Amino acid sequence: MSQETIKEIIDRHLRKWADLQLNKLPTQIEAEMADPNQEEGEEWRTWNPIKSKVTDEDIKDFEEHIGYKLPDSYKVFLKHKHFYELQISEVSFCSHPVNLWRSKQTDRIFDGYPREFLIDKGYLPFADWSDWGLLCFDTNRHTGDFNYPIVLWDHEIAYEVKDEYDDFLDMLTKIDIESTKNNS
């Protein structure tokens, strides 16, 4: 696994998001991530990605809470940057704000779609796929290092999943290439 590859991909797409001024939401933004130059009365609030404050201890506690170990590549992702939105190609990652990241992740896993289709079957959701499914770690299959394959769960076909990527790094690399092709 290349930690630098993961960080470069994240940074490139967060930078693009900000350059296109897509880093705005009609909601309250945590103070650490809020644009300090923005007028107070504006409805759409600008957020800025910041260096992650997630620690190894935070991840260990989170893993204990969800009942599954996370892949090292995903831990790098969580410990690199905080953001409100990150979309690469058809993949929209779970919001990762500085103080609410754990609750956002927990809500996605336990309170998103019905548990019996996902977490109860060992599918750990971490991102939306387009507007019709979720990408999940298939915790039923790993090579001993918790480097799970990525499956696509389609909410229209709730009882099935489809293999999409070998692992998290494979997914990031491929969606980065796809996004680059689509923007050329």
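The values are calculated or read from the model by the stated rules, or taken from the named source; none is laboratory data. Quantities reported herein were computed from a predicted structural model and do not represent experimental measurements. Quick reminder, even Gly has a Cβ in these numbers, built from the backbone with ideal geometry, and neighbours come from all protein chains shown. To get the accessible areas, we keep the full protein, side chains included, count just its heavy atoms, and leave off ligands, DNA and RNA. Shrake-Rupley method; radii C 1.70, N 1.55, O 1.52, S 1.80 Å.
Before we move on, is Lys53 open to solvent by 80 Å² or more (accessible area, probe 1.4 Å), closer than 20 Å to Tyr74 by Cβ and touching a residue at least 40 places away in the same chain (Cβ under 8 Å)? So Lys53 passes the test. Tell me whether the range 58-80 contains one or more residues that are within 19 Å of Asn147 (Cβ to Cβ), open to solvent by 70 Å² or more (accessible area, probe 1.4 Å) and not in a helix (DSSP H, G or I). Yes, the range 58-80 contains at least one residue that is within 19 Å of Asn147 (Cβ to Cβ), open to solvent by 70 Å² or more (accessible area, probe 1.4 Å) and not in a helix (DSSP H, G or I). Note on the range 81-109: residues that are out of contact with any strand residue (DSSP E or B) (no Cβ under 8 Å at 6 or more places or on another chain) and open to solvent by less than 20 Å² (accessible area, probe 1.4 Å) total 1. Could you tell me whether any residue of the range 172-182 is free of Cβ contacts under 8 Å to residues at least 60 places away in the same chain, surrounded by 14 or more Cβ atoms within 10 Å (Cβ to Cβ) and assigned to a loop (DSSP other than H, G, I, E, B)? No. Within the range 110-150, being open to solvent by less than 10 Å² (accessible area, probe 1.4 Å), in contact with a Pro (Cβ under 8 Å, 6 or more places away or on another chain), of a type outside the set (A, V, I, L, M) and assigned to a loop (DSSP other than H, G, I, E, B) holds for one residue alone: Tyr148.
Listed here are the residues, each with its yes/no results for (1) modelled with pLDDT of 95 or more; (2) over 20 Å from Asp58 (Cβ atoms).
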position: Phe77; (1), (2): yes, no
position: Tyr84; (1), (2): yes, no
position: Arg108; (1), (2): no, no
position: Leu118; (1), (2): no, yes
position: Ser130; (1), (2): no, yes
position: Asp138; (1), (2): yes, yes
position: Ile150; (1), (2): yes, yes
position: Glu156; (1), (2): no, yes
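For the range 14-50, taking the residues that are of a type in the set (D, E, K, R) and part of a loop (DSSP other than H, G, I, E, B), the one that is most open to solvent (accessible area, probe 1.4 Å) is identified as Glu40.
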